[in-house]
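J.: This is the structure, below, for whatever I ask next.
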Amino acid sequence: MSNQQANTSPTQSSAPEMTVIGTDTRIKGEMFFEKSAKILGGFEGKITAQGEVQISKGANCNAAIEAQSVIVDGQVTGPIIAHGQLTLTANAQVQGDLTAGTLVVAQGASFVGHCNVGPAAQELLGNNQSTSNSIPAASQELKNNLSTKVDLTPPWATQQAPQTQSA
């Protein structure tokens, strides 16, 4: 058996390819991944992936995230779109709107925002076989639909501050 293990090359591995952004790395901008990504450090901007995006414990993302599946175990501030499954672990701290085919939330997760989940969210994303490879187009369609149908202004932002009288 040890001969078989020695002859196995990394390209024969069944594990999916994944790009890892290390704990000592801070990136600002846009990242696109043809496969999957794991964020251990910090990121600010936009992340788009054809596969899975993992935001690890200790990671801090101020970003819009769109992928086939997303697992949050760290902090995310910004909208998350998962065409498949979105998972918020017990360590997850998310502030932003969520859209997903399915949503798994562990006890202890923190989430502040609006949520669209299930078949209606899939239709909103246009998530069928012909559009599953056009993630950015689906994101724009979602943004257009949401901006015309839902007022996302928090209640406290619409209250006017008391006026002061000057002498």
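J.: Are any residues in segment 97-109 surrounded by 13 or more Cβ atoms within 10 Å (Cβ to Cβ), of a type in the set (Gly, Ala, Ser) and farther than 20 Å from Leu40 by Cβ, and if so, which ones?
T.: Passing the criteria: Ala100, Gly101.
J.: Same structure, new question: Under 6 Å between Cβ atoms, at least 6 apart or on separate chains: pull out the pairs that start in segment 40-62 with a residue that is part of a loop (DSSP other than H, G, I, E, B) and end on any residue that is among the polar types (S, T, N, Q).
T.: Leu40/Thr23; Leu40/Ser56; Gly41/Thr23; Gly41/Thr25; Gly51/Ser36; Gly51/Gln68; Lys57/Asn91
J.: Report, by residue number, each residue of segment 101-146 that is modelled with pLDDT of 85 or more, over 16 Å from Gly51 (Cα atoms) and in contact with a Gly (Cβ under 6 Å, 6 or more places away or on another chain).
T.: Gly113
J.: Among (1) assigned to a strand (DSSP E or B); (2) in contact with a Lys or Arg (Cβ under 6 Å, 6 or more places away or on another chain), which single condition is Asn91 missing?
T.: (1)
J.: So, one more: Inspect all residues belonging to segment 69-78 and state whether any of them is closer than 21 Å to Glu123 by Cβ and assigned to a strand (DSSP E or B).
T.: Yes, that holds for at least one residue.
The values are calculated or read from the model by the stated rules, or taken from the named source; none is laboratory data. Bear in mind the structure is a predicted one, so any value in this text is a computation, not a measurement. Virtual Cβ from ideal backbone geometry, glycine too; neighbours counted across all protein chains shown.
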